[in-house]
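See structure below.
The values are calculated or read from the model by the stated rules, or taken from the named source; none is laboratory data. Keep in mind it's a predicted model, so treat the numbers as computed, not measured. Cβ atoms come from the backbone with ideal geometry, glycine included; neighbour counts cover every protein chain shown.
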Amino acid sequence: MKKLLLASTMLAGLTGAAFADGHEVKMGVILGFTGPIESLTPNMAGSAEMAMKEASDSGELLDGKVIVPVRGDSTCTDAAAATAAAERLVTAENVVGIFGADCSGVTTAIVNNVAVPNGVVSISPSATSPALTTVEDKGFFFRTAPSDARQGQILSDVLKDKGITNVAVTYTNNDYGKGLADAFASAFKASGGTIAISAPHEDDKADYSAEVGALAAAGAEHLAVFGYVDKGGKGIIQTSLDTGAFDQFILADGMIGDSLIEAIGDDLNGTIGTLPGSDSEGAAMFKKIAAAGGMEKVDGPYMPESYDAAALMILAMQKAGSTDRAEIQAEIMGVANAPGEKIYPGELDKALKILADGGDVDYEGASNVTFTEVGEAAGSFKELEVKNGKFETMKIR
């Protein structure tokens, strides 16, 4: 199995740099703190760093080591900038692993250009492109978010249940947008649906009138927007409303965020969408510890998956009994899946003790973590609808 490839295939000199000096262990946190999802990433980073603090405060991590998060900006869209940020974390900061990245394109760049060549584990909480399932990662890339191959099917199921059979689709012109649009198109057409038009859009344009005009001319009443909450996707929706071209929208995960509702207002009521998530015991426990930890928001997009990604690296480190990068990689699958005692948010202290005593854990976390053989979450999705100016969960699928 791909994820069980031993990290011993990597050069020993590359892994040796990952040993932390003294009491502190550095862990990379690379997300788009600027760019098209910048309203989401502070809560994602905060969730991951909450897990790091929980483990540090326990005193149980490798006989009392403390995790120091070191942040880098992926920008979400600029592969060169993301690669440079990751290179700094790995070579200058000597992080033991990378939490992130976030968007699929920059995640792929970091995996190919930095993480794999240096033998560093990276765990993304939100990179969902189907192409990442088969990335040549030598076992060093994992993701707690499910693939868009599944989200496309879920979206199709939602529309079928609502009797929506004809849609226009616009997608951000990158790996994420293309992958999701293709997955949705395949599932929707197989269910008997019709895609009147499927067209890309670019982010950071001042005017989306031409794009919206072409979409409307295709004749569908519903517009599916597979873009980013703080960039082009928002612009497409606002222009659609301003021109009267569309008033019924279908959104995927990259468009789910409070900033969209704040920008659009009541006109967004009735909008439907999907987002990875569940109503599991672990999800409820995460909300409680997030509230207790002072997080202003406790159920934002990819917050549970972020906590889980960091927790998995921490538990793998404890299982390995080492801060060596290769040894951490070798233990990720073992702490993520059965056998072992199930572990939920707020129970890292317990898990660290079990591992220190030579026991096994099965980390369920906030998002029901179970990795496939390629190291990605199968995952469940929330079916959402905007009601009274708020995204509400209608069903778990």
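Applying the criterion of being over 24 Å from the mean Cα position of the chain (by Cα) and hydrophobic (A, V, I, L, M, F, W, C) to the residues of the stretch 314-365, the residue that is nearest to residue 93 (Cα to Cα) is 320.
Total residues in the stretch 257-276 satisfying the condition of being surrounded by 18 or more Cβ atoms within 10 Å (Cβ to Cβ), within 22 Å of the chain's Cα centre (by Cα) and part of a helix (DSSP H, G or I): the figure is 2. Suppose we filter the stretch 58-81 for residues that are buried (at least 17 other Cβ atoms within 10 Å of the Cβ), outside any strand (DSSP E or B) and out of contact with any Pro (no Cβ under 7 Å at 6 or more places or on another chain); how many remain? Of the residues in that region, 9 qualify. Taking (1) over 18 Å from the mean Cα position of the chain (by Cα); (2) within 22 Å of residue 77 (Cα to Cα) in turn, residue 223 satisfies each apart from (2).
Being part of a helix (DSSP H, G or I), within 19 Å of the chain's Cα centre (by Cα), at pLDDT 95 or above and of a type in the set (A, V, I, L, M) is a condition met by at least one residue of the stretch 237-256.
Can you give me the number of residues within the stretch 313-345 that are farther than 20 Å from residue 68 by Cβ and of a type in the set (Asp, Glu)?
2
Scanning the stretch 354-374 turns up one or more residues that are part of a helix (DSSP H, G or I), closer than 24 Å to residue 67 by Cα and in contact with a strand residue (DSSP E or B) (Cβ under 9 Å, 6 or more places away or on another chain). Checking the stated criteria, residue 132 turns out to be in the same structural domain as residue 326 (by TED's automatic domain parsing), of a type in the set (A, V, I, L, M) and surrounded by 17 or more Cβ atoms within 10 Å (Cβ to Cβ).
For the stretch 165-184, what are the residues that are farther than 19 Å from residue 132 by Cα and either surrounded by fewer than 21 Cβ atoms within 10 Å (Cβ to Cβ) or among the basic types (Lys, Arg) (or both)?
165, 166
Residue-by-condition table, conditions (1) among the hydrophobic types (A, V, I, L, M, F, W, C); (2) out of contact with any strand residue (DSSP E or B) (no Cβ under 7 Å at 6 or more places or on another chain); (3) within 28 Å of residue 182 (Cα to Cα):
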site: 79; (1), (2), (3): yes, yes, yes
site: 83; (1), (2), (3): no, yes, yes
site: 87; (1), (2), (3): no, yes, no
site: 93; (1), (2), (3): no, no, no
site: 107; (1), (2), (3): no, no, yes
site: 120; (1), (2), (3): yes, no, no
site: 123; (1), (2), (3): yes, no, yes
site: 128; (1), (2), (3): no, yes, yes
site: 133; (1), (2), (3): no, no, yes
